[in-house]
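A.B. asks: I have a structure I would like to understand better, so I am pasting it below and will then ask my questions one at a time.
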Amino acid sequence: VYNNEELQSIAKVCLKHGIIVLSDEIYSQINFGERYSASISQYYQQGTIVYGGLSKVFSAGGYRLGYVAIPEAMKGLRATFKALFSETFSAVAAPIQYAAIEAYKMNDGLLDYISRCKNILGTIAGFVFQELKKLNIECTQPQGAFYVMIGFSHYKEQINALGIHSSEALAHHLIQSYHLALLPGTDFYFSSSDLFLRLAYVDFDGKSLLEKFLHKTDINSDHIIDNCPNITKGIGQLRAFITTISA
C-alpha cells in the first residue's frame with residue numbers, strides 16, 4: 001500500500017509532466033492499518049480520475065456496480081464517459097442499485113462488518129506471509145486487500161531444471177501437479193522469466209469465521225489453521241513443491 005509520502009512524490013512527477021492518473025481504489029477500505037488507504041487525489045486532484053466499486057469491501061462478488069469520479073478540471077470527459085458507457089453496458093440490475101444505496105450509507109453495522117472482515121483478512125495475510133518466509137519464497141507482507149505476489153528466484157535453477165522457464169509455465173505446473181491455482185506474474189507486468197505468481201488468500205468460509213469471531217479481536221494463526229483448511233492445505237502444497245525440487 002502506498003503511503004502518503006510516496007503518493008506525494010508520484011503526484012509531483014505527474015504534475016510536472018501533465019500525466020493523467022487513473023487510480024483504481026476499489027480496495028481502499030481493505031487496509032489492515034488504516035480505515036482507508038491514502039489516495040493520490042489528495043495531492044493531485046486536478047489530474048486524478050478515481051475508480052471504485054461495491055464488490056470488494058462489502059464482500060459482494062458479482063455485484064458489478066462501480067463508479068468513476070472525474071475532477072472538475074476534466075469535466076469535459078464526463079460526457080464522453082457517459083456516451084461510451086451507455087453504448088458498452090446495459091443498466092445495472094435494480095436489486096444491485098438498491099443494495100448500493102444502502103451500502104454507501106455506511107451505517108454503524110456496515111462499518112463494524114468491514115472492520116471484522118479486515119481483522120480476519122489481516123490475520124490470514126500475516127499467517128500466509130510467515131509461512132511463505134519459512135519456505136524462502138519472496139514476498140512482501142500484505143498491508144491490505146487479499147493478494148500477495150510471490151517469487152521463486154531462490155529456486156530458479158531447480159525450476160528451470162524441470163523445463164520451466166516462465167511464470168505461465170510455473171502456474172500451469174502448480175495447478176496440474178499440486179492443484180494450486182495462482183496467476184502468472186505476467187498478468188501484473190512482471191517479466192515472464194522472473195517467476196512471480198499472484199496468490200489470493202480468500203478460500204475460506206467467511207460467514208463461519210465472522211460468526212465464530214463475532215466478539216473476538218485477538219484472532220491468531222492457530223485460529224487460521226483450525227478454521228481455514230484450504231488455505232493451510234494450499235501452503236502445504238507449496239511446501240511439498242519446494243521440498244520436491246530441493247531434494
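What follows is calculated from the coordinates using simple rules that are stated; it is not laboratory data. Please read all numbers here as calculations on a predicted model, not as lab measurements. Neighbour counts run over all protein chains shown; Cβ positions are idealised from the backbone, glycine included.
A.B. asks: Assign unit charges at the C-beta atoms only (+1 for Lys and Arg, -1 for Asp and Glu), then state the dipole size of the range 108-246 relative to its Cα centre in Debye, rounded to the nearest 20. Intermediate values should be presented prior to the final figure.
C.D. replies: Values: 11 positive and 14 negative charges, 32 e Å.
My answer is approximately 160 debye.
A.B. asks: Which order do Arg198, Arg64 fall in if you start with the one that has the fewest other Cβ atoms within 10 Å? Mind dumping the intermediate values first?
C.D. replies: Numbers: Arg198 17, Arg64 13.
Least to most surrounded, the residues fall as Arg64, Arg198.
A.B. asks: Classify the range 39-79 as rounded, prolate or oblate, taking a ≥ b ≥ c as the square roots of the eigenvalues of its Cα gyration tensor: rounded when a/c is under 1.5, otherwise prolate if a/b is larger than b/c and oblate if not. Numbers along the way, then the final one.
C.D. replies: Numbers: a/c = 5.86, a/b = 1.85, b/c = 3.16.
Verdict is oblate for the range 39-79.
A.B. asks: Find which of Ile96, Met74, Ile120 sits farthest along the positive direction of the dipole of the range 36-125, computed with +1 on the beta-carbon of Lys and Arg, -1 on that of Asp and Glu, about the Cα centre.
C.D. replies: Met74
A.B. asks: Okay, moving on. Near Ile159, within a Cβ-to-Cβ distance under 15 Å, what is the net charge of the other residues, with Lys and Arg +1 and Asp and Glu -1?
C.D. replies: On the way: positive: Lys156; negative: Glu138, Glu157, Glu168, Asp194.
Around Ile159, the charge tally is -3.
A.B. asks: Counting other C-beta atoms within 10 Å, which of Leu182, Leu84, Leu110 has the fewest, and how do the rest follow?
C.D. replies: On the way: Leu182 20, Leu84 11, Leu110 15.
Listed from fewest to most nearby Cβ atoms, that is Leu84, Leu110, Leu182.
A.B. asks: Right, something else. What ranking do 17-23, 158-164 get when scored by the average of other Cβ atoms within 10 Å per residue, highest first?
C.D. replies: The most tightly packed comes first, giving 158-164, 17-23.
A.B. asks: Using the crude model of +1 on Lys and Arg Cβ and -1 on Asp and Glu Cβ, and no other charge, please compute the dipole size for the range 4-103 relative to its Cα centre, in debye to 20. Show your work: numbers first, answer last.
C.D. replies: Details: 8 positive and 8 negative charges, 45 e Å.
That gives a dipole near 220 debye.
A.B. asks: With axes computed from alpha carbons, what is the tilt in degrees of helix 4-17 against the longest principal axis of the chain, rounded to the nearest 10 within 0 to 90?
C.D. replies: The two axes meet at around 60 degrees.
A.B. asks: Can you give the alpha-carbon Rg of the range 113-247 over 2.2 N^0.38 Å, where N counts its residues? Mind dumping the intermediate values first?
C.D. replies: Values: Rg = 15.6 Å, N = 135, 2.2 N^0.38 = 14.2 Å.
For the range 113-247, the normalised Cα radius of gyration is 1.10.
A.B. asks: Kindly express, to the nearest 10 degrees and within the range 0 to 90, the angle between helix 229-246's C-alpha long axis and the longest C-alpha principal axis of the chain.
C.D. replies: The two axes meet at around 50 degrees.
A.B. asks: Please work out whether the range 4-103 counts as rounded, prolate or oblate from its C-alpha gyration tensor, where a ≥ b ≥ c are the square roots of the eigenvalues and a/c under 1.5 means rounded, while otherwise a/b larger than b/c means prolate and anything else oblate?
C.D. replies: Details: a/c = 3.06, a/b = 1.29, b/c = 2.38.
Oblate is the answer for the range 4-103, as a/c is 1.5 or above yet b/c matches or exceeds a/b.
A.B. asks: Under unit Cβ charges (Lys, Arg +1; Asp, Glu -1), what dipole magnitude, rounded to 20 debye, does the chain have relative to its Cα centre?
C.D. replies: On the way: 20 positive and 22 negative charges, 56 e Å.
Once rounded to the nearest 20, the dipole reads 280 debye.
A.B. asks: Relative contact order for the range 1-110: what is it in percent, counting Cα pairs under 8 Å that are at least 6 residues apart?
C.D. replies: Details: 119 pairs, mean separation 21.9, N = 110.
Answer for the range 1-110 is 20 percent.
A.B. asks: Separate question: Whole-Hz Karplus ³J(HN,Hα) for the range 33-46, in order, using 6.51 cos²θ - 1.76 cosθ + 1.60 and θ = phi - 60°, x for Gly and Pro?
C.D. replies: x, 10, 5, 9, 6, 5, 10, 5, 5, 5, 10, 8, 4, 5
A.B. asks: Taking 8 Å as the Cα distance limit and 6 or more residues as the minimum spacing, I'd like the relative contact order of the range 91-208 as a percentage.
C.D. replies: Averaging sequence separation for qualifying contacts and normalising by length gives 21 percent for the range 91-208.
A.B. asks: Normalised by the residues of the chain, what does the relative contact order come to in percent, with Cα pairs under 8 Å and at least six apart?
C.D. replies: On the way: 307 pairs, mean separation 34.8, N = 247.
Taking the mean separation of contacting Cα pairs over the length of the chain, I get 14 percent.
A.B. asks: Please figure out what share of the DSSP beta bridges in the chain is antiparallel and state it in percent, rounded to the nearest 5. Each step should come with its number before you reach the end.
C.D. replies: Values: 13 of 17 bridges.
Antiparallel bridges: around 75 percent, rounded to the nearest 5.
A.B. asks: Fewest Cβ neighbours within 10 Å first, please rank Asp112, Asp194 accordingly.
C.D. replies: Working: Asp112 11, Asp194 16.
Taking fewest neighbouring Cβ atoms as first place, the list is Asp112, Asp194.
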